[in-house]
Amino acid sequence: MRIKRGREKPIRNQHPWIYSGAISQAENAGDGELVTVVDHKDRFLARGYWNSQSQIQVRVMTWRDEAIDADWWRKTLSRALSLRETQFVNFENAACRLVNAESDFIPGLIIDRYGDWYVLQALTRYIDSQKGAIIAALADVTGAQNIYERSDVEARKLEGLQPAAGLLRGGPLPDVVEIDEGARYLVDIKNGQKTGFYLDQRDNRRLLRELMHQRRQNAHDKLRLLNLFCYSGGFALAAVHFGALHSVNVDASRRALEMAERNFALNGYDEAAHGESAEFILADAFNYLHYCVREKVSFDFIVLDPPKLAQRKTEIQPAARGYKDLNLNAFKLVEHGGYLMTFSCSGAISRDLFRKIVFGALADSGRQAQVVRELSASADHPVALTFPEGDYLTGLLLRVF
Ligand code: SAH
């Protein structure tokens, strides 16, 4: 794969994506096969995999002239694993992301761990063809007995691939797998969203928990949390730990809310024994916020964690209107001195733009707010410094007056 003169700089700078415009000549390349990338003088630049059906025609696996073989897989998976070892992997029922695609220098591959289950997502043609080698290496470095595939994602269409899901090793897969993050959660690996759980929000759930602990010490009344886009109850369960909390959990998915209720029960909060109480509301969160504004309902904490509103760059404008609407109404509902934790997981919306959108919402709400913390994905979702595209989750913890 020969690169046009003057177009090799991003590759030398270790950006993993090569677009068709940079390529001058492709010899004997088959879709989903490894290629060696050279400059206009045939000097080695990188090795990666090719797919003519994708906009990103080459994804780089290495910038060294080395073979991508069984040894490479073991070495590269071990490197990814070593980042997580100290923090996440050494206790029972731990859950974390082990491989974060481009940001762990393996484009197209995601591996999450839930207790003794490993969930693999193959997003591209080459990675799909290497599943056998990946499973062998994963079993080798982790001792994984149980591996399930959740490659049923839209992104595969861009590669000309069908969705795929099912057992790859071990089993049988139980209906739910229990994980422990301080609070306990049930994860439905087969039918859940993503690979079953939003691991990327773990550090932010922990932050909410700490904040709640501090607030509790000064509060006399039961605190109120509005957990919008709650999925299986993640944020509310992290917060409820310190007791005397009323949480309102809103999601548009019935399955998600059922799991949230089960998770509350699992943690012993099915009766209001310690002053906790929880509501589970099947609703569109945009409408629910409008309703709360109309009814003048207020909250001490609001978590706003919507799905990706901008799938691509062309959707930035309507997405920005959506984020603004959500944040404007959320500002109106926060008690004086309360907190808003607000997120965007749209990669197309930069940190700067998100801040501007939230600023616009604040201005219209007539409230005052301080940034207490900038938020991003958990530490097991590292971002390669050369790959800013990997920094998709952005958020702000705001104190509101
Ligand atoms: N905060 C969650 C993850 C949220 S993911 C956690 O920590 O686990 C986004 C959630 O929004 C999904 O559960 C999805 O079902 C829900 N959702 C999508 N569109 C929605 C809408 N319009 N109104 C309410 N919920 C919606």
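Can you find even one residue in region 37-49 that is open to solvent by less than 40 Å² (accessible area, probe 1.4 Å), assigned to a loop (DSSP other than H, G, I, E, B) and either farther than 18 Å from S103 by Cβ or in contact (Cβ under 8 Å) with a residue 60 or more places away in the chain (or both)? Yes, that holds for at least one residue. Within region 107-164, the set of residues being out of contact with any helix residue (DSSP H, G or I) (no Cβ under 8 Å at 6 or more places or on another chain), over 18 Å from D380 (Cβ atoms), in a loop (DSSP other than H, G, I, E, B) and open to solvent by less than 30 Å² (accessible area, probe 1.4 Å) is empty. A single member of N287, N227 is modelled with pLDDT of 95 or more and either under 20 Å from the mean Cα position of the chain (by Cα) or small (G, A, S) (or both), and it is N227. Of the residues examined, K313 is not one that is in the same structural domain as Y291 (by TED's automatic domain parsing) and at pLDDT 95 or above. Of the residues making up region 363-388, just one is touching a residue at least 24 places away in the same chain (Cβ under 8 Å), surrounded by fewer than 15 Cβ atoms within 10 Å (Cβ to Cβ) and within 16 Å of the chain's Cα centre (by Cα), namely A379.
Going through region 294-317 one residue at a time, which ones are touching a Gly at 6+ places or on another chain (Cβ under 7 Å) and closer than 20 Å to Y339 by Cα? Walk me through it before giving the result.
From region 294-317, those touching a Gly at 6+ places or on another chain (Cβ under 7 Å) are 299-301, 309; that's our starting set.
Answer for region 294-317, where residues must be touching a Gly at 6+ places or on another chain (Cβ under 7 Å) and closer than 20 Å to Y339 by Cα: F299, D300, F301.
Does any residue of region 67-77 turn out to be in contact with a strand residue (DSSP E or B) (Cβ under 6 Å, 6 or more places away or on another chain) and at pLDDT 95 or above? Yes, region 67-77 contains at least one residue that is in contact with a strand residue (DSSP E or B) (Cβ under 6 Å, 6 or more places away or on another chain) and at pLDDT 95 or above.
Collect the residues in region 325-362 that are open to solvent by 70 Å² or more (accessible area, probe 1.4 Å) and more than 20 Å from the chain's Cα centre (by Cα), keeping them in residue-number order. Within region 325-362, K332, E335, H336, K356, F359 qualify.
Might you check whether a residue that is in contact with an Asp or Glu (Cβ under 9 Å, 6 or more places away or on another chain) and outside any strand (DSSP E or B) occurs anywhere in region 365-376? There is no residue in region 365-376 that is in contact with an Asp or Glu (Cβ under 9 Å, 6 or more places away or on another chain) and outside any strand (DSSP E or B).
I'd like the full set of residues that are within 10 Å of the ligand (Cβ to nearest atom), in contact with a strand residue (DSSP E or B) (Cβ under 6 Å, 6 or more places away or on another chain) and closer than 20 Å to G115 by Cβ, limited to region 179-209. Scanning region 179-209 gives Y185, F197, L199.
If you filter region 259-310 down to residues that are under 24 Å from S346 (Cβ atoms), assigned to a loop (DSSP other than H, G, I, E, B) and open to solvent by less than 40 Å² (accessible area, probe 1.4 Å), you find that the one that is farthest from the ligand (Cβ to nearest atom) is A310.
Let's see how each residue does on (1) within 14 Å of the ligand (Cβ to nearest atom); (2) in a helix (DSSP H, G or I); (3) surrounded by fewer than 16 Cβ atoms within 10 Å (Cβ to Cβ):
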site: L211; (1), (2), (3): no, yes, no
site: D221; (1), (2), (3): no, no, yes
site: C230; (1), (2), (3): yes, no, no
site: A238; (1), (2), (3): yes, yes, no
site: L257; (1), (2), (3): yes, yes, no
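The values are calculated or read from the model by the stated rules, or taken from the named source; none is laboratory data. Quantities reported herein were computed from a predicted structural model and do not represent experimental measurements. Counting neighbours? That spans all protein chains shown, and the Cβs are built from the backbone with ideal geometry, glycine included. For the accessible areas, the whole protein counts, side chains as well, though only heavy atoms, and no ligand, DNA or RNA atoms are used. Shrake-Rupley method; radii C 1.70, N 1.55, O 1.52, S 1.80 Å.
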